[in-house]
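A.B. asks: Encoded as structure tokens, here's the structure I'll be asking about.
The values are calculated or read from the model by the stated rules, or taken from the named source; none is laboratory data. Bear in mind the structure is a predicted one, so any value in this text is a computation, not a measurement. Every residue, glycine as well, gets a Cβ built from its backbone with ideal geometry; the counts of neighbours run over all protein chains shown. SASA here: full protein model, heavy atoms, side chains in, ligands and nucleic acids out. Shrake-Rupley method; radii C 1.70, N 1.55, O 1.52, S 1.80 Å.
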Amino acid sequence: MSKAVSPTHHLPGPGPFLTYPNLITLIRGVAAACLAVTALVVDDPVPWLIAGYLTYWLGDSLDGLVARLLGQETRAGAVFDICTDRLSTAILAAGLVVQQPDLAVPIGLFLLNFMVIDQLLSLSFLLWPIVSPNYFAEVDPTVFRYNWSHPAKALNNAGIIVAVLIGSLPVALAIVTIQLAVKITSAVRVARLASRRASATPRAYGGARTDVLPDPGYPPDRA
């Protein structure tokens, strides 16, 4: 059962963007992209792909850790992190296709899932008063468990890499199909939660719905 999050809570602001965690996100995103592009043009792409994925994964863990340690977790930083993940993954996946062209179809399906469905799912945290998907357990523990828990994050990209290493088209298609099923089911569940939240959101002055309550002292009492 999902934990209730009051629709009357103020949505937090985006927060400062010029932070150390965001600097780490920028550096690891550019570095992973450069390594991935290099993998596309060299004769032996495997070492470059390994370096690219390690840069992506380690950097993704480091920016989150630094954000928590310094108290610099922000909604703007979470969105930047999500978008940078997609850039790194897209170029690295192109390198996987070069390495295993027979698996282009499952890799393409993985990208469709990660770049569209998973991106929308990841950005859905913005509909609630939480700072990032890492706190989505406050909204729905089940969706969090299957998408942003540590095992779920590890399997998000690792699944397609395992399929490439095995080199089996049926295994790759099976892995991607399972991932798609999890993401689509989660997206439907989140859409229902968002609809319930929208219907419960109080009306602001003028009749428009809002997620931020007006100041209790406004408008001022008139004589």
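A.B. asks: What is the list of residues in segment 35-70 whose amide nitrogen lies under 19 Å from a point 7 angstrom out from the Cα of Val98, following Cα to Cβ?
C.D. replies: Output list for this probe position: 35-57.
A.B. asks: Let me ask something else. Mind jotting down the distance between the C-alpha centroids of segment 86-158 and segment 60-77, whole Å?
C.D. replies: So the separation of the two Cα centres works out to 18 Å.
A.B. asks: Another one. Would you please give the FRET efficiency between His150 and Val116, computed as 1/(1 + (r/R0)^6) with r the Cβ-Cβ distance and R0 = 22 Å, to the nearest 0.05?
C.D. replies: That pair, His150 with Val116, gives E of 0.40.
A.B. asks: I'd like the Karplus ³J(HN,Hα) series for segment 187-195: coefficients 6.51, -1.76, 1.60, θ = phi - 60°, whole numbers in Hz, and an x wherever there's a Gly or Pro.
C.D. replies: These are the phi-based 3J(HN,Hα) values: 5, 5, 5, 5, 4, 5, 4, 5, 5 Hz.
A.B. asks: Something else about it: If I model a spin label as a point 7 Å beyond the Cα along the Cα-Cβ vector, how far apart are those points for Asp44 and Arg192 in nm?
C.D. replies: With each label point 7 Å from Cα toward Cβ, the separation is 5.2 nm.
A.B. asks: Show me, for segment 43-48, the HN-Hα J-couplings you get by feeding each phi into the Karplus relation (A = 6.51, B = -1.76, C = 1.60, θ = phi - 60°), rounded to Hz, glycine and proline as x.
C.D. replies: Here the 3J(HN,Hα) series is 6, 10, x, 4, x, 6 Hz.
A.B. asks: Evaluate E = 1/(1 + (r/R0)^6) for Val30 and Ala200, where r is the Cβ-Cβ distance and R0 equals 35 Å; express this FRET efficiency to the nearest 0.05.
C.D. replies: 0.25
A.B. asks: Of all the accessible heavy-atom surface of segment 120-190, with the other protein chains kept in place and a 1.4 Å probe, what percent is carbon and sulfur? Present the calculation step by step, with values, prior to reporting the outcome.
C.D. replies: Details: 2480 of 3290 Å².
Its accessible area is 76 percent carbon and sulfur atoms.
A.B. asks: Give a residue-ordered list of calculated ³J(HN,Hα) values for segment 61-76 (Karplus: 6.51 cos²θ - 1.76 cosθ + 1.60, θ = phi - 60°; whole Hz; x for Gly, Pro).
C.D. replies: Using θ = phi - 60°, the values come out as 6, 5, 5, x, 5, 5, 4, 6, 5, 8, x, 10, 6, 9, 5, 4 Hz.
A.B. asks: Give me the number: length gained by fully extending Thr142 to Leu70, i.e. 0.36 nm times residue separation minus the C-alpha to C-alpha distance, one decimal in nm.
C.D. replies: Full extension of this stretch gives 23.1 nm more.
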